1. Diagonalise the Cα gyration tensor of the stretch 2-65 and give the resulting equivalent ellipsoid semi-axes, square root of 5 times each eigenvalue, largest first, whole Å.
2. May I ask you to derive the FRET efficiency for residue 71 and residue 35 from their Cβ-Cβ distance with R0 = 30 Å, giving the value to the nearest 0.05?
């Protein structure tokens with residue numbers, strides 16, 4: 001069975017008084033999720049607002065969603 005997994009790659013903070021989120025991501029972590037389409041390399045990731053700020057006052061998180069094969073047993077344990 002296939003399931004979706006969020007792979008967290010970084011965090012960010014909203015720029016005061018603007019609709020901009022500044023995100024910091026380790027390049028090595030980001031490159032793990034590159035994919036190719038029509039001869040070009042891409043990285044697709046999502047940025048979401050966290051329910052509350054963390055200890056460093058970061059308000060957003062960035063992640064890549066991957067589809068993975070999971071056995072029925074693992075799925076029931078989750």
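FYI, it's all coordinate maths here, none of it is from the lab. In this text, all values refer to a predicted model and were calculated from it rather than measured experimentally. Don't worry about glycine lacking a Cβ; one is built from the backbone with ideal geometry, like all the others, and counts go over all protein chains shown.
1. 24, 14, 11
2. With R0 = 30 Å, the Cβ-Cβ based efficiency is 0.75.
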